[in-house]
Every structure is written in C-alpha cells, then in structure tokens.
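The values are calculated or read from the model by the stated rules, or taken from the named source; none is laboratory data. Quick caveat: nothing in here was measured; it's all calculated off a predicted structure. Here Cβ is always computed from backbone atoms with ideal geometry, including for glycine, and neighbour counts include all displayed protein chains. The area values use the complete protein model at the heavy-atom level, side chains included, leaving out ligands, DNA and RNA. Shrake-Rupley method; radii C 1.70, N 1.55, O 1.52, S 1.80 Å.
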Amino acid sequence: MFAPTEDWVLEDFPHLEKLLGEVYLRFQVLPRRHRFPIHSHRWNQLVYASSGTLLVTLDDHWHVISPEQAIWVPAGLMHSTGALQEAQFRNLYIAGDVDVGMPQRSQVLSVRPLLRALIVELAEVYQRSEDEAYIERLKALTLDQLPRQPVLDFHLPWPRSVMLRRMCQELLANPADTQDLKTWSETLGISRRTLTRHFERELGISLREWRLRLRLFKALELLETQDDITQIALELGYNTPSAFTYMFRQRMGRSPSDWRRR
C-alpha cells in the first residue's frame, strides 16, 4: 500500500530479467509525487537518493528517508518507492547469492559520508573512461561498507484493521488534529481502554508516539519546500515554532533550519 490520501503518478517500472553483474547501480531523477508500483525482485536492493526525500513502503511500514539515510530491501520483499520532492534516485542492486553480511529483513541505515561518496562515484564512473579493475574495486568497497552503517529505527507503521485505518487516514490528512484518546474512542464507538490496547497491539507503539512520528515524517517533506518554519510548525499542530524545533531536534539531532541547510 502507499499513501492513501495523496495523488501519485506511477513511473514505468524497469523490468530487468537479470542484473548486469553482481552489483548494478541504476540512477535517475524521480519527479515530485512520482512512484514505482509495488513489486519485488530476486535481488537485494539499497534504496537511496543523493538529494530529495523518498517515501518507501515495506509491507505496512512507511519510511521517509533523506540523503542521510538508505533502506536495505532483501530479495523477495514487496516494496514501493516514491519521491515526496524531486529526488536524485540512486538504486543499488545486489545479486541475491552475494553475501554482503546483511540480514534477510529490511533495515533503515544511516549513510556515512564514505558510503555516500562511493554510491555517487558508482553513478558517475560509467560516464568516464575508467578501467574495469577500478570499477570492481569500487563495487567491492561499496559492499564492504553496507554492514558498517548504523541501523536506525525510523518508520511509521500502518494499521491493517478498517477501524484504525480510518483514524490514521484522518490524522494523515490533518496532522494538526488534537483529538485525544477519549474523543477518538467515542468517534469509533469503543472504550478508551480498548482503543489503546488495540492500537498498541496492532502497530507496536502508542497513539501518542505514532502521531509524533507522523508529524516528523510530514515535517521532513515540508522542509524540502520553501515554506516558512513558523508556517510548517502551525500546519503540524504546534503552537509555537520553538515547540516544533524542540521536537525535531530531539528526534533528528539538529534543528529544522539546520536540516534544511544540510
């Protein structure tokens, strides 16, 4: 599934019967609000954009990633990738039988400067007259770096039940919504205790934490625009820019302004 309240343009999916080598880097500019259809393939994949913001869906998890993050997608896992803002897409495909020390589950990775530089170089190397020996050394060093990247817990789970989907879709459409658990339980026709238990069992986090992550994901998208920081804070439901800045710094390690200037 993808963002249910947004209009997205489907990109033509590059159907590869086989990889052009054990490691293959495909790159393109992905326009704003364009995405690839949900799919899987026989090879592993590192989803990365050297600029712009991506929305990646894996099963019922959403991941918003900036150029400081990438997502490891093991072979066979259903997924889709779209650009919240225009992105320089850098997709690293790795043959399924190549052991690079990565798990058989998805992971969000913090991309260190060396790995970023290697990926950018791989995207550019074929535009120059480089010998194959150099290219192979470059690929080997890139693969060596994958298990050395810090792992992040950075996703927004999405509910499977109709009842919770209704609530989460309304919050997605209006992240500034301030209705508390009592109000939502009355709207949904269940007790507050039942709603709390059901939400945490299905999504693995509390409603409060889910709303914080939703606002953070939306903030990452809005910071790629020219919107004023104060305007973004109000749109997300914060009474003051300082409250928004405090939340953002706690979660991302830097202020919204610093993030925008990165």
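Okay, here's what the table says:
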quantity: Those residues of the range 144-161 which are outside any loop (DSSP other than H, G, I, E, B) and over 13 Å from Leu114 (Cβ atoms), in sequence order; calculated: Pro147, Val151, Leu152, Leu156, Pro157
quantity: Every pair of residues 6+ apart whose Cβ atoms lie under 6 Å, when the first sits in the range 205-217 and is free of Cβ contacts under 8 Å to residues at least 12 places away in the same chain while the second is open to solvent by 30 Å² or more (accessible area, probe 1.4 Å) and acidic (Asp, Glu); calculated: Ser206/Glu200
quantity: Lone unmet requirement of (1) crowded, with 17+ Cβ neighbours inside 10 Å; (2) part of a loop (DSSP other than H, G, I, E, B); (3) of a type in the set (Lys, Arg) for Arg90; calculated: (2)
quantity: Subset of the range 144-168 [closer than 21 Å to Gly101 by Cα, of a type in the set (A, V, I, L, M) and open to solvent by 80 Å² or more (accessible area, probe 1.4 Å)]; calculated: Val151
quantity: Qualifying residue in the range 68-76 (condition: outside any loop (DSSP other than H, G, I, E, B), closer than 22 Å to Arg262 by Cβ and aliphatic (A, V, I, L, M)); calculated: yes
quantity: Candidate set from the range 28-68 (those that are without any contact (Cβ under 8 Å) to a residue 40 or more places away in the chain and closer than 21 Å to Leu118 by Cβ); member that is most open to solvent (accessible area, probe 1.4 Å); calculated: Ser51
quantity: Residue that is within 22 Å of Phe154 (Cβ to Cβ), open to solvent by less than 30 Å² (accessible area, probe 1.4 Å) and not in a loop (DSSP other than H, G, I, E, B), where the choices are Ala233, Ala243; calculated: Ala233
quantity: Among the residues listed as Gly101, Gly76, Gly96, the single one being closer than 18 Å to Val151 by Cβ and of a type outside the set (Asp, Glu); calculated: Gly101
quantity: Entirely in the range 169-223, the helices (runs of 4 or more DSSP H) that have 3 or more residues that are over 29 Å from Ser255 (Cβ atoms) and either open to solvent by 20 Å² or more (accessible area, probe 1.4 Å) or among the polar types (S, T, N, Q) (or both); calculated: 181-188, 192-203
quantity: Cβ-Cβ under 8 Å pairs, at least 6 apart or on other chains, the range 237-262 side at positive phi and touching a residue at least 40 places away in the same chain (Cβ under 8 Å), far side part of a helix (DSSP H, G or I) and charged (D, E, K, R); calculated: Gly237/Arg215
quantity: Checking Arg254 against (1) surrounded by fewer than 16 Cβ atoms within 10 Å (Cβ to Cβ); (2) within 27 Å of Leu164 (Cα to Cα); (3) within 20 Å of the chain's Cα centre (by Cα), the condition it does not meet; calculated: (2)
quantity: Test for Leu109: is it in contact with a Pro (Cβ under 8 Å, 6 or more places away or on another chain), under 30 Å from Leu203 (Cβ atoms) and modelled with pLDDT of 95 or more; calculated: yes
quantity: Single residue of the range 118-138 satisfying the filter (assigned to a helix (DSSP H, G or I) and small (Gly, Ala, Ser)) that is modelled with the highest pLDDT; calculated: Ala133
quantity: Residue list for the range 17-27, restricted to those being touching a residue at least 12 places away in the same chain (Cβ under 8 Å), open to solvent by 20 Å² or more (accessible area, probe 1.4 Å) and hydrophobic (A, V, I, L, M, F, W, C); calculated: Leu19, Leu25, Phe27
quantity: Lone qualifier among Leu115, Leu141 - being modelled with pLDDT of 95 or more, buried (at least 17 other Cβ atoms within 10 Å of the Cβ) and outside any strand (DSSP E or B); calculated: Leu115
